[in-house]
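Notes follow once the structure below has been shown.
Read-outs: derived from the displayed coordinates by stated rules, not from any lab. Quick caveat, the model's predicted, so the values are computed rather than measured. Cβ coordinates were reconstructed from backbone atoms using ideal geometry, including for glycine residues, and neighbour counts include every protein chain displayed.
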Ligand SMILES: [Zn+2]
Ligand SMILES: [Zn+2]
C-alpha cells in the first residue's frame, strides 16, 4: 500500500497535465559536465517546442525520450525558439539542423529568434557542406528533404507562433549589449509557462508571468559573485539577474513554481543559491538539473 501511495504522489501532476516543462540543459558557458547547454522543452501532448539549443541538445532530448517523453524523439524536434545568439545558447544549432535530418525527420526545422539567426543557419549549413554532400550522395538511404533548407523566422516582440496547442509570445529582455534578446511565454490548453532566457534584472518579467504556472528563470549567486574579479562582477551585474533580484521579481510575479536554470553558482552552493532567492520570495522554488520535468 505504501508503494502505491508513493507512486500516485509522483505520477499525479504529470498525469493530469497535457503540458510538461522538460529542462534539457541548465548550463552556462562554464563546461560543467553535469549541465549541458541551456535548452528547455515545452511539451504539449505529442508535440515539442524547444527554447534554445545549447550544446548536447539532441542527446538530452533523447534522454527525455528514453524516460518516456515521446515528443522529444529526434524526428519530432521540429520547432525551436532562440532567446539570443550567445554561443552557450546556440552551440547545438548544427546538431538540431543535421542530426534529426539524418534520423528521418520529415520536415525542415522551423526556428524563431533574433536578427542574425538566418545568417547563423546559412553559415552552419555552408560549414557542413561536405558532410551534407557525402550523406546525400554517398550511399545513405534517401532523406526526406534537403537539409540546407532551414525555415528561419527573425521575429519582433509579440505573438510569434500559434497552433492548436500553443500560443507563443516573445518579449524583449535586457541582456547587456545584445540588440535583441527575448524571453518566451507559452500559453497551452492547461498551463502558462514563462522562460526568461538570459536577462539583466530590469526585465519586468512579472508583467509576463502574472501568476503563471511555471516561471523558468536564469540566476547567479550573490555570494558566488563576490568571489569573482571586479571586471566579471561588473559584467554579470549588467547581463544577468542575481538570486536576491530574482527573489524580488518572483515575489511580484507570483508563479505557481519558480524554476532556476542557467545557474551561475561559482564557489557557492546550490543550497545557498536557493536561500538567497528565498530571502526575498516566499513562494515555491526549485533549482533545476538537466532532464528535470515540471
Ligand atoms: Zn547564457
Ligand atoms: Zn547570454
Spatial separation of Cα centroids for the range 156-200 and the range 14-47, in angstrom: 16 Å
Coarse-grained scattering of the chain at q = 0.14, 0.16, 0.17 Å⁻¹, given as base-10 log I(q)/I(0) from a Debye sum over alpha-carbon atoms: -1.01, -1.29, -1.44
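When a/c is below 1.5 the answer is rounded, else prolate if a/b is larger than b/c, else oblate, so apply that to the range 211-250 with a ≥ b ≥ c taken from the square roots of the Cα gyration tensor eigenvalues.
In terms of gyration-tensor shape, prolate.
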Mean residue ellipticity (222 nm) of the chain, computed from DSSP H runs ≥ 4 via -39,500 (n - 2.57), nearest 500: -9500 deg cm²/dmol
Förster radius 25 Å - calculated FRET efficiency between residue 204 and residue 16 (Cβ-Cβ, nearest 0.05): 0.20
Gained length - residue 133 relative to residue 46, 0.36 nm times residue gap less alpha-carbon distance: 28.1 nm
Value of relative contact order over the range 138-213, rounded to a whole percent, pairs C-alpha under 8 Å and six or more apart: 20 percent
Cut-off 19 Å (backbone N to label point 7 Å along Cα→Cβ of residue 107), residues of the range 72-94: 72-82
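Based on Cα coordinates alone, diagonalise the gyration tensor for the range 141-282, multiply each eigenvalue by 5, take square roots, and list the semi-axes in whole Å, largest first.
Ellipsoid half-lengths, sorted descending, are 30, 20, 14 Å.
For a test of the definition: using alpha carbon positions, the gyration tensor, and the 1.5 limit on a/c, classify the range 137-197 as rounded, prolate or oblate. Spell out each step's value before the answer.
Values: a/c = 3.10, a/b = 1.63, b/c = 1.90.
Note, shape of the range 137-197 comes out oblate.
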Net lengthening on full extension, residue 159/residue 233 (0.36 nm per residue, minus Cα-Cα): 23.2 nm
Range of Cα positions in the range 94-136 per principal axis (Å), largest first: 30, 21, 13
Length released on extending from residue 269 to residue 254, taking residue separation times 0.36 nm less the Cα-Cα span: 2.9 nm
Gyration tensor (alpha-carbon) shape descriptor, the range 21-81, a/c threshold 1.5: prolate
Computed over the range 241-294, the ratio Rg/Rh where both radii use C-alpha atoms and Rh is Kirkwood: 0.94
Label-point separation in nm, residue 148 to residue 172, each point 7 Å along Cα→Cβ: 3.6 nm
Per-q log10 I(q)/I(0), the range 84-176, q = 0.15 Å⁻¹ (Debye; single scatterer per alpha-carbon; no solvent): -0.67
Residue 140 paired with residue 292, simple spin-label distance in nm, labels 7 Å along Cα-to-beta-carbon: 3.5 nm
Alpha carbon centroid spacing (whole Å) that separates the range 216-256 from the range 63-139: 31 Å
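Compute the relative contact order of the chain as a whole-number percentage, counting only Cα pairs closer than 8 Å that sit 6 or more residues apart in sequence.
With pairs under 8 Å counted, the relative contact order is 16 percent.
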